[in-house]
Amino acid sequence: MTCELCELAVQPIYRNDKLSVILVDDAAYPGFCRVVWNEHVKEMSDLAPNDRMLLNDAVWHVELALRDVMAPGKVNVASLGNMTPHLHWHVIPRFADDAHFPNAVWTPAVRTTEEPILAARRALLPQLAASIARRLGAQ
């Protein structure tokens with residue numbers, strides 16, 4: 001069985017021996033990140049206590065970077081893994097004008113965000129990547 005998260009197809013913006021952070025290529029959601037545990041495990045309860053703390057801390061740092069750089073109205077954090085049973089967290093900046101707000105990003109879209117707004121958010125991605133790498137590298 002192949003696993004897309006074991007074999008990351010994108011370059012992580014941060015990686016150490018335990019976890020990786022990637023920017024998700026989603027045109028409607030610039031800044032959408034995944035924090036991926038490098039080892040193939042399915043659940044948080046599969047991790048040792050110190051590893052759980054390390055992963056939670058990484059998710060927290062990604063959320064802080066998103067809030068600081070992109071200033072979303074809300075940040076959604078989710079660990080589903082129903083389709084990809086490899087432990088990972090989705091960290092998603094949410095805005096009142098995003099395609100699905102106030103619903104989850106996996107529901108049908110209710111609007112289209114204007115392209116200039118999305119372009120402005122995409123312009124922040126290098127700053128976001130640098131902030132995440134800096135925060136996690138300083139741990």
Residue check, Tyr29 against (1) under 16 Å from Glu63 (Cβ atoms); (2) at pLDDT below 95, all met but one. Which one? (2)
Considering residues that are surrounded by 12 or more Cβ atoms within 10 Å (Cβ to Cβ) and touching a helix residue (DSSP H, G or I) at 6+ places or on another chain (Cβ under 9 Å), the number found within the stretch 16-31 is 9
State which residue pairs qualify: first residue in a strand (DSSP E or B) and inside the stretch 6-21, second residue surrounded by fewer than 12 Cβ atoms within 10 Å (Cβ to Cβ) in any location, beta carbons under 9 Å apart, and separation of 6 or more residues or different chains. Tyr14/Gly137
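The values are calculated or read from the model by the stated rules, or taken from the named source; none is laboratory data. A quick note: this is a predicted structure, and the numbers were derived from the prediction, not measured. Virtual Cβ from ideal backbone geometry, glycine too; neighbours counted across all protein chains shown.
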